[in-house]
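Novice: The structure's right below; bear with me while I get my questions together.
The values are calculated or read from the model by the stated rules, or taken from the named source; none is laboratory data. Remember, predicted model here, so these are calculated numbers, not experimental data. Methodologically, a virtual Cβ is constructed for each residue, glycine included, from the backbone with ideal geometry; neighbour enumeration extends over all protein chains shown. Only protein heavy atoms, including side chains, enter the accessible area calculation; ligands, DNA and RNA are left aside. Shrake-Rupley method; radii C 1.70, N 1.55, O 1.52, S 1.80 Å.
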Amino acid sequence: LTAKAEGFGGDIEVTFGVDENNTIVTVDIGGKYFAETDGFGGKVREPAFTSQFIGKTLPIAAEDVDCITGATISSKAVIRAIEAINAQAQ
């Protein structure tokens with residue numbers, strides 16, 4: 001399941017691989033045109049952020065996600081994309 005939302009530097013694409021129970025088994029954040037600032041919004045691609053999704057079952061609520069300090073716009077873009085993915089999974 002894939003969705004994207006506008007981040008600080010442009011679109012952030014979020015892709016989740018889910019199993020038959022809608023449990024997240026893989027996650028990829030970024031996309032072809034990912035342009036978030038290194039050291040800030042770019043952290044949404046790092047395992048410290050992405051690993052929090054593995055093993056969770058859709059739907060995921062915004063409060064289930066720990067945002068990155070100093071990268072609120074990027075973190076919220078990921079949350080908006082997750083909300084779109086949740087809608088796809090319904």
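Novice: If you take the residues in the range 44-60 that are aliphatic (A, V, I, L, M) and buried (at least 18 other Cβ atoms within 10 Å of the Cβ), which one is modelled with the lowest pLDDT?
Specialist: Per the criteria, the residue is ILE60.
Matching residues to (1) open to solvent by less than 10 Å² (accessible area, probe 1.4 Å); (2) modelled with pLDDT of 90 or more; (3) outside any strand (DSSP E or B):
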residue: ILE68; (1), (2), (3): no, yes, yes
residue: ILE73; (1), (2), (3): no, yes, yes
residue: ALA77; (1), (2), (3): yes, yes, yes
residue: ARG80; (1), (2), (3): no, yes, yes
residue: ILE85; (1), (2), (3): yes, no, yes
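Novice: Quickly run through the range 1-42 and pick out the residues that are within 15 Å of the chain's Cα centre (by Cα) and charged (D, E, K, R).
Specialist: Passing the criteria: LYS4, GLU6, ASP11, GLU13, ASP28, LYS32, GLU36.
Novice: Further question on the same structure: If we keep just the residues of the range 1-22 that are part of a loop (DSSP other than H, G, I, E, B) and either of a type in the set (Phe, Trp, Tyr) or closer than 17 Å to ARG80 by Cβ (or both), which is modelled with the lowest pLDDT?
Specialist: Restricting to residues being part of a loop (DSSP other than H, G, I, E, B) and either of a type in the set (Phe, Trp, Tyr) or closer than 17 Å to ARG80 by Cβ (or both), the top hit is LEU1.
Novice: Looking at GLU20, is it among the acidic types (Asp, Glu) and crowded, with 18+ Cβ neighbours inside 10 Å? Steps first, answer last, please.
Specialist: Details: among the acidic types (Asp, Glu): yes; crowded, with 18+ Cβ neighbours inside 10 Å: no.
Spelling it out, it is not the case that GLU20 is among the acidic types (Asp, Glu) and crowded, with 18+ Cβ neighbours inside 10 Å.
Novice: Which condition number in (1) part of a loop (DSSP other than H, G, I, E, B); (2) exposed (fewer than 13 other Cβ atoms within 10 Å of the Cβ) is the one that VAL25 fails?
Specialist: (1)
Novice: Among the residues of the range 30-66, what is the count of those that are more than 16 Å from THR2 (Cα to Cα) and not in a loop (DSSP other than H, G, I, E, B)?
Specialist: Residues that pass the stated criteria total 11.
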